[in-house]
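The values are calculated or read from the model by the stated rules, or taken from the named source; none is laboratory data. Computed from a predicted structure; not experimentally measured. Positions of Cβ are backbone-derived with ideal geometry, glycine not excepted, and every protein chain shown enters the neighbour counts. All accessible areas refer to the heavy atoms of the entire protein, side chains included, with ligands and DNA or RNA removed. Shrake-Rupley method; radii C 1.70, N 1.55, O 1.52, S 1.80 Å.
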Amino acid sequence: MLTAHAADDERVWYHQTRSMQNAGGQVFIMAPRSNAVTNECIHLYEADKYKRLGLMRYLANQLVDFQPDTIICDTPMALHAAQIYRRKNKAVCRILYDVTEWYPSKKNLNLLSGIEKAAKWLTLSVFNFWVNRHTDGFIFGEEDKARPFRRLFPGKSFVNTSYFPDLQYVKLNDSRSLTQELRLFYSGLLTQEKGFPQVLKAAVWIARFNPSVKVRLKVLSSEQLPTQPAVPDNLKLEFSPYLPFEDFCQQLADHDLFFDLRSTDAENQRCLPIKLFYYMAAGRPVIYSDLKAISKGCPEIEDFGHLVNPFDTEAIVDIVNAYVKDENLYRKHCSTARQLSEQKYNWKAIESDFVRFILQNE
C-alpha cells in the first residue's frame, strides 16, 4: 500500500512485486493515481479527494476487498491505514514498513519557521513512533535509516534489501574513447539542493578545458530552465522529461559519465542514492558528492568513481580530464563498475532474502 510512491516505482513494481509473483505470491498494489503502468493487480485511488484522516479510512476500507496476508507500507500514514483495517476487521495479517525515506524529512518541514518546524517535527516523530509500535516488521533499504528502528524496536523482525537493480533491465554498451565526444548525464531536479547548478558549471568548465571535444550534457528532469544558459560552442545541453523506468535503464549506457552533486546537508549525508547502483550496472564511472551513506553503502566507490566536494569545480574538471587523457583508466573504471554490479550490487543477490521474509508466514 503506497501513499508517497507511484505504482510503477522501480523498487515496488519492477523488483519486489515481480519477485513475489515469481515465488507464487498474489500481489495487489494500492497507489495514488498517476501515469503508472496498467495491470490488473494495480488499484489506483484519487488521493487529492481526501484529507489525511479521510484517506487513511478510505484505504482501510479498500483493504477489505483484498483480504491480505501481508501489507507492505511505504509511509507511516499507510501503516496507520493498515492498522485501522486490521483492528476494525479483526484481520489476521502482518503489517510491514518498507523504510526508504526519512520521516519526518526536510520535505515535510519546508517553508516553516523555526518554532513551527520544531513543533511539526515533534508531532510527526511521535506519530511515526506510535504507528510503528503496532508494526510487525521492517524492510530496510540502508543502514542509517534502519538504525533508529532497530534501537527503538529491537524485538521486531526485519530484512535488509538495498536499492540494487535487476540487471536484466540495464543495457550494457562497450566503453569508448572520450577524445572526440564526451556524453555527460544528470537526472534530478534543477535545484541547488540537488546540485544541478554545480553539474552545469562543471560541464561548462569541462567544455572550455577541452575545446576539441564535443561535450553533451543530457538532463532528465520534471523541471525546465526559465532561460537557456550561455555555454561554450562545443557544449550541447539536452533537456528531457523523466523517462519510464525501462526506457531510463536502456538509455544509461549511451552516456559516458554520471554526475550527482547534491548538497552535503545532514539528511543527504545519510541517504544512499538509488541511481548510483543503476549507473554502476551500466558500466560507467560516477562523480558524486562526498556522502557518508555512499561510503558505507558502497565502500568500493573509489574503484570506479569519485566522491567530491560538489563546489570544487576545478577538482571535478581534473577528474574528467584524467578520463579523457587516459583511456585505460576510463575503461578500467567502466569494467570495475559493471563487475561490482554483477558480483554484489544487483537485485538477484538479495532477492531470496526478501522473498523469504515476505512469504515466511503466508
Expected field for residue 134, accessible surface area in Å² at 1.4 Å probe radius, rounded to 10, holds 80 Å²
The answer for residue 70, listing residues at least 5 apart or on another chain whose modeled amide H is closer than 5 Å to its amide H, is 94
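For residue 121 and residue 319, what is the calculated FRET efficiency with R₀ set at 45 Å and r taken between the beta-carbons, to the nearest 0.05?
0.75
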Residue by residue through the stretch 216-232, the couplings from Karplus 6.51 cos²θ - 1.76 cosθ + 1.60 with θ = phi - 60°, in Hz, x for Gly and Pro, are 10, 10, 8, 10, 9, 7, 7, 10, 10, 5, x, 9, 6, x, 6, 9, x
Spelling it out for residue 236: with amide H atoms placed in the peptide plane at 1.01 Å from N, the residues 5 or more places away or on another chain with amide H under 5 Å from its amide H are 215, 216, 217
For Cα extents along the principal axes in Å, with candidates [x] 76, 43, 38; [y] 56, 50, 40; [z] 70, 48, 38, the value calculated from the shown model is option [z]
The chain: longest segment with zero exposed chymotrypsin sites (Phe, Trp or Tyr not before Pro), where exposed means DSSP loop plus at most 14 other C-beta atoms within 10 Å, is residues 51-241
By the C-alpha gyration tensor axes a ≥ b ≥ c (rounded if a/c is under 1.5, else prolate when a/b exceeds b/c, else oblate), the shape of the stretch 265-305 is prolate
Which residues qualify? For residue 75, with a placed amide H closer than 5 Å and at least 5 residues away or on another chain, they are 3
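Just the number, please: carbon plus sulfur as a percent of the accessible area of the stretch 239-296, 1.4 Å probe, no ligands or DNA/RNA counted.
Carbon and sulfur atoms account for 51 percent of the accessible area of the stretch 239-296.
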So the FRET efficiency between residue 41 and residue 265, C-beta based with R0 = 45 Å and rounded to 0.05, is 0.75
For the stretch 51-100, the accessible surface attributable to carbon and sulfur atoms (probe 1.4 angstrom, ligands and nucleic acids excluded) amounts in percent to 51 percent
Taking a probe of 1.4 Å and leaving out DNA, RNA and ligands, the chain shows per residue an accessible area in Å² of 48 Å²
Measure of exposure for residue 38: accessible area at 1.4 Å probe, Å² rounded to 10, is 140 Å²
Taking a crude spin-label model, label points 7 Å out from Cα along the C-beta direction, the residue 113 to residue 130 distance in nm is 2.6 nm
Subtracting the Cα-Cα distance of residue 349 and residue 157 from 0.36 nm times their residue separation yields 67.1 nm
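Give the value in nm², to one decimal: projected area of the alpha carbon convex hull of the stretch 68-137, averaged over all directions.
Numbers: hull surface 19.3 nm².
The number I arrive at for the stretch 68-137 is 4.8 nm².
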Phi angles of the stretch 47-62, converted by Karplus (6.51 cos²θ - 1.76 cosθ + 1.60, θ = phi - 60°) into ³J(HN,Hα) in whole Hz with x for Gly and Pro, give 5, 5, 7, 10, 6, 4, 5, x, 5, 5, 5, 4, 4, 4, 5, 5
Residue-ordered couplings for the stretch 263-270, obtained by feeding phi - 60° into the Karplus form 6.51 cos²θ - 1.76 cosθ + 1.60 and rounding to whole Hz (Gly and Pro as x), are 5, 9, 5, 4, 6, 4, 4, 10
Residue 172 and residue 26 label points (each 7 Å along its Cα→Cβ direction) are spaced in nm at 3.8 nm
With a 1.4 angstrom probe the carbon and sulfur portion of accessible area for the stretch 121-163, in percent, totals 60 percent
Probe 1.4 Å, all chains present, heavy atoms only: residue 98 accessible area in Å², nearest 10, is 10 Å²
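Could you work out the helix-only [θ] at 222 nm for the chain, with each DSSP H run of four or more residues adding -39,500 (n - 2.57) and the total divided by the number of residues, to the nearest 500 deg cm²/dmol?
-12500 deg cm²/dmol
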Computed about the Cα centre, the charge dipole of the stretch 184-303 from +1 Lys/Arg and -1 Asp/Glu charges at the Cβ has a magnitude in debye, to the nearest 20, of 240 debye
Here the relative contact order (percent) of the chain, from C-alpha pairs under 8 Å and at least 6 apart, is 15 percent
Kirkwood Rh for the stretch 282-362 from C-alpha pairs, in Å, is 14.5 Å
